[in-house]
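**Student:** Have a look at this one before I ask anything.
The values are calculated or read from the model by the stated rules, or taken from the named source; none is laboratory data. For clarity, every value in this text was computed on a predicted model and none was experimentally measured. Here the Cβ positions follow ideal geometry from the backbone for every residue, glycine too, while neighbour counts run over all protein chains shown.
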Amino acid sequence: MGRKNSRGHLLGTVEAVAARWDVMERLALAFSLGPAYEACLAATVEGSPRSKIQAGSANTELRKITLNLALLEPGREPDRNATFLHECAHLLADLAHRRNCRHGKRWKQVMELLGEAPLVNHDLAYLSPKLHARVTWACMACGEEYHYVRKPRRRPQDCYCRHCGPRRGRLRVVEPPRQLELDLPLMGTAEKKAAGF
C-alpha cells in the first residue's frame, strides 16, 4: 500500500498516485493553472487509518491530501478516484487563488475543469455514520435517528429532535443489537451438536 508514517500510510506524491490510478490525464486538464498545478503535483497523498466517515481531506498549508483507507480496498476505484480528484481540486483552487476556497464558486470551477461533478457530500454506504456509530439517539415521537461516531458531550435528555422540536422531540439512547458471544473452540463435538451447531 505504501510506507507507514506516524499518522497514516504514505501513498506518494499526487503526480505518482494519479499516474498509478490512471487519473493523470484528468488532472492534467488543470495544467492552465500553472504554479498551482505544479505545487499540487508535488503534494503528498496518504491513507488515514483514523478516518471513519470522512472520505478525504486536503491541507493546502501542508500540501497534503488524506484519503480514508476504506477507499483503497479493491472494487472501490471509482469512489477513490472521485475523492482523490475532489481533494486535488481543493489544493488547485486554494493555491491558484491564494485563499481557502472551500466548496465555493472557485472550487466548483476547478472541479468542472477536471471533468468532475462539483458534489460536496458523498453517499458511500461503507462510510456512513450509521455503520460506524458508537452512539445512536432516536426521537421518541417520530423515530428519527441521530448517529454519532464519537461520544456526544451532551446527554440525550438535554437535546431534542430537529423535526419535532423541544416539546415533542425527546431523545433516547438506542441500544446496539447485542452480539451473541460463543466460545466455540472450547466446546466439544457433543456439546456443539446439543447446542445446534
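**Student:** Considering only segment 22-31, I want to know if a residue exists there that is over 23 Å from ALA93 (Cα atoms), outside any helix (DSSP H, G or I) and either hydroxyl-bearing (Ser, Thr, Tyr) or touching a residue at least 40 places away in the same chain (Cβ under 8 Å) (or both).
**Tutor:** Scanning segment 22-31, I find no residue that is over 23 Å from ALA93 (Cα atoms), outside any helix (DSSP H, G or I) and either hydroxyl-bearing (Ser, Thr, Tyr) or touching a residue at least 40 places away in the same chain (Cβ under 8 Å) (or both), so the answer is no.
**Student:** Another one. Residue under question is LEU29, and the condition is that it be closer than 27 Å to PRO129 by Cβ and in the same structural domain as LEU95 (by TED's automatic domain parsing); does it hold?
**Tutor:** For LEU29, the condition - closer than 27 Å to PRO129 by Cβ and in the same structural domain as LEU95 (by TED's automatic domain parsing) - is not met.
**Student:** Of the conditions (1) closer than 27 Å to THR60 by Cβ; (2) free of Cβ contacts under 8 Å to residues at least 60 places away in the same chain, LEU95 satisfies every one except a single condition; which number is it?
**Tutor:** Of everything listed in (1) closer than 27 Å to THR60 by Cβ; (2) free of Cβ contacts under 8 Å to residues at least 60 places away in the same chain, LEU95 misses just condition (2).
**Student:** Report, ordered by the first and then the second residue, all pairs with beta carbons closer than 7 Å, sequence separation of six or more or different chains, a first member in segment 66-83 that is touching a residue at least 12 places away in the same chain (Cβ under 8 Å), and a second member that is acidic (Asp, Glu) and surrounded by 15 or more Cβ atoms within 10 Å (Cβ to Cβ).
**Tutor:** The qualifying pairs are THR66/GLU46; LEU71/ASP79; ALA82/GLU116.
**Student:** Failed condition for LEU41, given (1) aliphatic (A, V, I, L, M); (2) in contact with a strand residue (DSSP E or B) (Cβ under 8 Å, 6 or more places away or on another chain); (3) under 27 Å from SER128 (Cβ atoms), with all others met?
**Tutor:** It is condition (3) that LEU41 fails.
**Student:** Can you list the helices (runs of 4 or more DSSP H) lying wholly within segment 52-140 that have 1 or more residues being modelled with pLDDT of 95 or more and crowded, with 18+ Cβ neighbours inside 10 Å? Lay out the reasoning, then the answer.
**Tutor:** Values: elements: 77-97, 105-113, 129-132.
Hits in segment 52-140: 77-97, 105-113.
**Student:** Quick one: which residue in LEU33, LEU41, LEU10, LEU27 is touching an Asp or Glu at 6+ places or on another chain (Cβ under 6 Å) and closer than 19 Å to MET111 by Cβ?
**Tutor:** LEU41
**Student:** So, one more: Looking only at segment 32-51, filter to residues that are assigned to a helix (DSSP H, G or I) and small (Gly, Ala, Ser); which one of those is surrounded by the most Cβ atoms within 10 Å (Cβ to Cβ)?
**Tutor:** ALA36
**Student:** Do you know which residues across segment 1-21 are at pLDDT 95 or above and in a loop (DSSP other than H, G, I, E, B)?
**Tutor:** Across segment 1-21, the qualifying residue is only TRP21.
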